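**Student:** Following this message is one structure expressed as structure tokens.
The values are calculated or read from the model by the stated rules, or taken from the named source; none is laboratory data. The structure displayed is predicted, hence computed values, not measured ones. All Cβ positions, even for glycine, are placed from backbone atoms using ideal geometry, and neighbour counts span all protein chains on display.
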Amino acid sequence: MKGRIEKVEEKHAKNGQKYLLLSIDGENYSLWDGKAFDRVSEGELVEYKWKASGDYRNITEIEPSQDEASNGPTTRDVHILKMSCLKSASAILGNLDVDPEERVGLTIAAARRFEKYITAEDE
């Protein structure tokens, strides 16, 4: 099946085992395979297989969809871009001799400008 992850929640079973509760296209699924946790993020288009276990749907396989590139950036991609811009702005303005609160404001403004430049919104 193919669908978009709308929500990811970390949960713990009664025995303490961690699992993820995924909402994909309005349906809830459990993901127990810890190795797959890093392959899921909100907003991402995925291909997956699941099996019923009582009233629950347990995901048995999950991978990012090959179609994702045509659907634009994921939430994770946007976060990575923003962090990269913030890191670059911090490196440039880190030694600026101004009040720390003002430096934070200048750094965030510079990071936003970098982000606009990268996403071609500043043309």
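**Student:** Suppose we keep only residues that are at pLDDT 90 or above and surrounded by fewer than 11 Cβ atoms within 10 Å (Cβ to Cβ) within segment 26-48. Which one would you say is farthest from the chain's Cα centre (by Cα)?
**Tutor:** The residue in question is G26.
**Student:** Applying the selection to segment 39-56, what residues are without any contact (Cβ under 8 Å) to a residue 24 or more places away in the chain and part of a loop (DSSP other than H, G, I, E, B)?
**Tutor:** Let us first name the residues in segment 39-56 that are without any contact (Cβ under 8 Å) to a residue 24 or more places away in the chain, namely 51-55.
Answer for segment 39-56, where residues must be without any contact (Cβ under 8 Å) to a residue 24 or more places away in the chain and part of a loop (DSSP other than H, G, I, E, B): G54, D55.
**Student:** Any residue in segment 14-26 that is assigned by TED's automatic domain parsing to the domain that holds L45 sitting within a Cβ distance under 6 Å of a residue that is surrounded by 10 or more Cβ atoms within 10 Å (Cβ to Cβ) and aliphatic (A, V, I, L, M)? List the pairs, counting only those 6 or more apart or interchain.
**Tutor:** Hits for this filter: L20/V8; L20/L31; L22/I5; L22/V8; L22/L31; I24/I5.
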